[in-house]
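Trainee: Dropping a structure here in structure tokens format, bear with me for questions.
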Amino acid sequence: MRQNRTADRASEKAMDWFIRLQSKPDDDRTRHDFARWRDAHVAHDEAFRRIERLMAMPSLHEASRRDAARLAKSPRPETRRSWTKYAAAMAAALLIVVGYLQYPALLLRWQADHMTAPGERKILTLPDGSLIELNTSSAVALDFAGGRRRLSLLAGEVFFDVKPDSAHPFTVTTRFSETTVKGTAFSIRTGDDEDMILLAHGRVAVSRLADRSSMVEIDPGQFVTADAAAISEVRTAALDMALAWRDGRVVFREEAFAKALSELDRYYVGSVVIANEQLETMKISGSYRIDDPRTAILTLAAAIGAKEARFPGGLIILY
């Protein structure tokens, strides 16, 4: 345990030196102090070399982008008078970048009637008495005026338990598809590349927004995906795995580590980066709780023998 704490402190200090050197690349005093720290212990040199390698990874750039968007939601500390003009200029530039990155999230907030944050789940009763359960990072907009029963799934994943009403079909519109029912239970997950519609019981009809004549019906225990080009063939679903999130768990059966990690990462407010490509294809099985995603991620990593480095802001690097 003592060695782990020492390694963590070295990694944190190495990250601090990396940032300081990036902000003051020509400052002789900074470089001199850094050299003294690096030469003081072999662990310091190893930690800094690891940070340099990690900082060159495209995946870490993406993690940084996500963290910038997330941290923009937090209240900003009071500006200190001791800031230099350089630091103030850097802060202003950062705010511009963060504002740009935050625009999609702000737009989603304006459009949505109900949302969930990362790691949050929520059950709601709709005006017609139907129930919906929002998974992590999900957003919906409602249209129940004039007897209509329409809902737009703007982001994330939702389970629907629709109250029967043959005179008023219940319609869910997503990025690529439209799902219509009269009374049934189903889930839809939408993403940048595709929608996935899974039926628990009843019957649903799924059509593509770009081509309403492209339509399929699915039976309980089946699912389809829809993207910009087509609707997939009807396939059999493993309901216990696909809907395990409703019971607060995610379940994997011989799943690639990278894919399993990306699923858990949906519930985590920080960012996780795999720094060792050999880890990505290793197979993992198990059931993990999503109410404590950080512990679940570290347990998942430990199961395949991965090491971790933790950094401020919730960043976890696995190697």
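Every number here is computed from the coordinates shown, using simple stated rules; none is lab data. Computed from a prediction, not measured in an experiment: that's the story for all the values here. For neighbour counting, all protein chains shown are included, and Cβ atoms are generated from backbone atoms with ideal geometry for every residue, glycine included.
Trainee: Provide the packing ranking of 217-224, 136-143, i.e. peptides ordered by the mean count of other C-beta atoms within 10 Å per residue, highest first.
Mentor: Final packing ranking: 136-143, 217-224.
Trainee: Sorted from largest down, give the three principal axis spans of the alpha carbons of segment 248-318, whole angstrom values.
Mentor: 32, 29, 16
Trainee: So how many Å³ per residue does the convex hull of the Cα atoms of segment 114-239 work out to?
Mentor: For segment 114-239, the hull spanned by Cα atoms encloses 99 Å³ per residue.
Trainee: Considering amide H positions built from the backbone, and no H for Pro or chain starts, which residues 5 or more places from Ser214, or on another chain, come under 5 Å of its amide H?
Mentor: Arg208
Trainee: Within the set Lys122/Lys163; Lys24/Lys307; Lys283/Lys307; Lys13/Lys259, which residue pairs have Cα atoms separated by over 22 Å?
Mentor: From Lys122/Lys163; Lys24/Lys307; Lys283/Lys307; Lys13/Lys259, over 22 Å: Lys24/Lys307; Lys13/Lys259.
Trainee: Give the average over all directions of the projected area of the C-alpha convex hull of segment 219-272, one decimal, in nm².
Mentor: Seen from a random direction, the Cα hull of segment 219-272 projects 5.4 nm² on average.
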